[in-house]
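For reference, the structure is listed below as structure tokens.
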Amino acid sequence: MERILDYFLSGIGAMTWQNFAMIAIGALLIFLAVYKNYEPMLLLPIGFGAILVNLPLAVVLGTAEHPGALQILFDCGIMTELFPLLIFVGVGAMIDFKPLLERPWLLVFGIVAHFGIFIAAAVAYWGFGFSINEALSIGVIGAADGPTAIVVASRFAKNLLGQITVVAYSYMSLVPIIMPPVIKLLTTKKERTTRIQAKNKNIPHWVMVVFPVAVTVAVSILIPDAAALIGFLMFGNLIRECGVLEKLSSAAQNELSNIVTLLLGISVGASMTAQNFLNVQTLLIMLLGLIAFAGDTVCGILFAKFLNLFRKKGNKLNPMIGACGISAFPMASRVVQKLALEEDNQNFILMHAVSANVSGQIGSLVIGGIIMGFLGGM
């Protein structure tokens, strides 16, 4: 009887303040997902995974000889990059690139609006002493693209994977809070009320089919390290646009995305052990992630204002669309349209905002590939 009692009490005796702290953090993530609706599909399984992996004497991770369920999911889904790439198939099936094809010149914002990545990376490297691999992996938080952040971190900063993932998805959910004050700080009321005439064009079906194939080939040749990222995204988009795979398109957008997101979340939670998470680095990564997101918004807006210097009166851009160049689709474009309507309830810039926003999805993968190529070649 005494041995049985000792068995049941052993877990309680093994609890440390670190275990309690990480369980509390996991519970906080679940609270934010359920009651604040902050990226619930990711934060809830991440939070629950963090609780599981920090229970003392639990065998969810197992041992090197006999890995547990979470360790197997982490090794097979995260470290092989399988889960992030499968998510890109679902994301590609959800994206309509027609607004971008109607205004292809807005693709430039998908690149420029990601310069916040390098601002944050520079601060991390020179300001806080992170290694170049860690600094750039942290900077990728600014891509506002969780799967890309996971891929880069799993290759070059595995020790920071949990923190980077949680911060990336947390800030993605906070785009409606982070972007507006930065936009208002950098623009005048007159600029925010600038109207842009939306001229819709008839994009032939064959163009919509050729586009994902052409982008995959072009990006993969120029940036080989981005081939898998862009390839899986565009494969999903091809399924959507081909017109003959409606069931597969629906499955990619729903069943595949939901299942993989669930497994990815709880797998990432498995990396949030107390020794990896409860340190000063986590607070610094939170700060740097905020710098990256704010820096993206600043760069996009300033570039739009720069272009306005060369555009004729009456043909000016609304600088707010520059902030949509990040990959937080469609949240960023919705935020900008909402701000435009607050200043002028007849100002509809959504189509231009969406065009810049979908270009941000491509831009995040291009920047991610460039960073992986740079770090891999060092």
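The values are calculated or read from the model by the stated rules, or taken from the named source; none is laboratory data. No experiment lies behind these values; they were computed from the predicted model shown. Positions of Cβ are generated from backbone atoms using ideal geometry, with glycine treated the same way; all protein chains shown enter the neighbour counts. Please note that ligands, DNA and RNA were not included when accessible areas were found on the heavy atoms of the full protein model with its side chains. Shrake-Rupley method; radii C 1.70, N 1.55, O 1.52, S 1.80 Å.
Out of the stretch 164-176, which residues are assigned to a helix (DSSP H, G or I), within 16 Å of ILE141 (Cβ to Cβ) and of a type outside the set (Gly, Ala, Ser)?
At the first step, the residues of the stretch 164-176 found to be assigned to a helix (DSSP H, G or I) are 164-173, 175-176.
Filter once more, keeping what is within 16 Å of ILE141 (Cβ to Cβ): 164-173, 175.
Selection gives ILE164, THR165, VAL166, VAL167, TYR169, TYR171, MET172, VAL175.
Run down PHE306, PHE374, PHE277 and say which single residue is more than 20 Å from ILE177 (Cβ to Cβ) and modelled with pLDDT under 90. Break it down stepwise before answering.
On the way: PHE306 fails: modelled with pLDDT under 90; PHE374 fails: modelled with pLDDT under 90.
PHE277 is the lone residue from the list that is more than 20 Å from ILE177 (Cβ to Cβ) and modelled with pLDDT under 90.
If you go through the stretch 121-134, how many residues are outside any helix (DSSP H, G or I) and of a type in the set (D, E, K, R)?
Step one: of the stretch 121-134, the residues outside any helix (DSSP H, G or I) are 129-131.
If we keep only those that are of a type in the set (D, E, K, R) as well, we get none.
Of the residues in the stretch 121-134, 0 are outside any helix (DSSP H, G or I) and of a type in the set (D, E, K, R).
Would you mention how many residues in the stretch 277-290 are farther than 24 Å from ASN54 by Cβ and open to solvent by less than 50 Å² (accessible area, probe 1.4 Å)?
1
Looking at the stretch 325-368, which of its residues are free of Cβ contacts under 8 Å to residues at least 60 places away in the same chain, within 16 Å of PRO180 (Cα to Cα) and outside any helix (DSSP H, G or I)?
Within the stretch 325-368, just PRO330 meets the criteria.
One line per residue, one yes/no per condition, for (1) of a type in the set (Ser, Thr, Tyr); (2) open to solvent by 10 Å² or more (accessible area, probe 1.4 Å); (3) in contact with a Lys or Arg (Cβ under 8 Å, 6 or more places away or on another chain):
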| residue | (1), (2), (3) |
| --- | --- |
| ALA304 | no, no, no |
| LYS316 | no, yes, no |
| PRO319 | no, no, yes |
| LEU341 | no, yes, no |
| ASP344 | no, yes, yes |
| SER355 | yes, no, yes |
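Search the stretch 1-36 for residues being surrounded by 12 or more Cβ atoms within 10 Å (Cβ to Cβ), out of contact with any helix residue (DSSP H, G or I) (no Cβ under 6 Å at 6 or more places or on another chain) and of a type in the set (Gly, Ala, Ser), and hand back the single one that is modelled with the lowest pLDDT.
GLY11
Here's the yes/no breakdown for (1) open to solvent by 40 Å² or more (accessible area, probe 1.4 Å); (2) in contact (Cβ under 8 Å) with a residue 40 or more places away in the chain; (3) farther than 24 Å from SER137 by Cβ; (4) touching a Gly at 6+ places or on another chain (Cβ under 6 Å):
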| site | (1), (2), (3), (4) |
| --- | --- |
| LEU222 | yes, no, no, no |
| PHE232 | yes, yes, no, no |
| ASN237 | no, yes, yes, yes |
| CYS242 | no, no, yes, no |
| GLU255 | yes, no, yes, no |
| THR261 | no, yes, no, no |
| SER267 | no, yes, no, yes |
| THR273 | no, yes, no, no |
| PHE310 | yes, no, yes, no |
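For LEU55, which of the numbered conditions (1) modelled with pLDDT of 85 or more; (2) open to solvent by 60 Å² or more (accessible area, probe 1.4 Å) fails to hold?
(1)
The rows are residues; the columns are (1) assigned to a helix (DSSP H, G or I); (2) open to solvent by 10 Å² or more (accessible area, probe 1.4 Å).
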| position | (1), (2) |
| --- | --- |
| ASP96 | no, yes |
| LEU101 | yes, yes |
| PHE109 | yes, no |
| HIS114 | no, no |
| ILE119 | yes, yes |
| LEU136 | yes, yes |
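Check PHE115, PHE97, PHE83, PHE74 and return the single one that is of a type outside the set (Val, Ile, Thr) and touching a Cys at 6+ places or on another chain (Cβ under 8 Å).
Numbers: PHE97 fails: touching a Cys at 6+ places or on another chain (Cβ under 8 Å); PHE83 fails: touching a Cys at 6+ places or on another chain (Cβ under 8 Å); PHE74 fails: touching a Cys at 6+ places or on another chain (Cβ under 8 Å).
Checking each option against the conditions leaves just PHE115.
Would it be correct to say that ILE326 is out of contact with any Pro (no Cβ under 8 Å at 6 or more places or on another chain) and under 25 Å from ALA228 (Cα atoms)? Show your work before the answer.
Numbers: out of contact with any Pro (no Cβ under 8 Å at 6 or more places or on another chain): yes; under 25 Å from ALA228 (Cα atoms): yes.
Yes, satisfied.
Where residues in the stretch 185-205 are closer than 22 Å to VAL354 by Cβ and assigned to a helix (DSSP H, G or I), which of them is least open to solvent (accessible area, probe 1.4 Å)?
Start the filter on the stretch 185-205 by keeping residues that are closer than 22 Å to VAL354 by Cβ, which leaves 186-187, 191-205.
Imposing the further condition that a residue be assigned to a helix (DSSP H, G or I) reduces the set to 186, 191-192, 205.
Working: LEU186: 45, GLU191: 44, ARG192: 27, HIS205: 106 Å².
For the stretch 185-205, the residue satisfying everything is ARG192.
Would you call THR297 under 19 Å from the mean Cα position of the chain (by Cα) and buried (at least 24 other Cβ atoms within 10 Å of the Cβ)? Steps first, please.
On the way: under 19 Å from the mean Cα position of the chain (by Cα): yes; buried (at least 24 other Cβ atoms within 10 Å of the Cβ): yes.
Considered against the rule, which asks whether it is under 19 Å from the mean Cα position of the chain (by Cα) and buried (at least 24 other Cβ atoms within 10 Å of the Cβ), THR297 comes out as yes.
So how many residues does the stretch 152-163 have that are part of a helix (DSSP H, G or I) and either β-branched (Val, Ile, Thr) or open to solvent by less than 30 Å² (accessible area, probe 1.4 Å) (or both)?
Filtering the stretch 152-163 for residues part of a helix (DSSP H, G or I) gives 152-156, 158-163.
Checking the rest, the ones that are also either β-branched (Val, Ile, Thr) or open to solvent by less than 30 Å² (accessible area, probe 1.4 Å) (or both) come to 152-154, 160-163.
Counting residues in the stretch 152-163 that are part of a helix (DSSP H, G or I) and either β-branched (Val, Ile, Thr) or open to solvent by less than 30 Å² (accessible area, probe 1.4 Å) (or both) gives 7.
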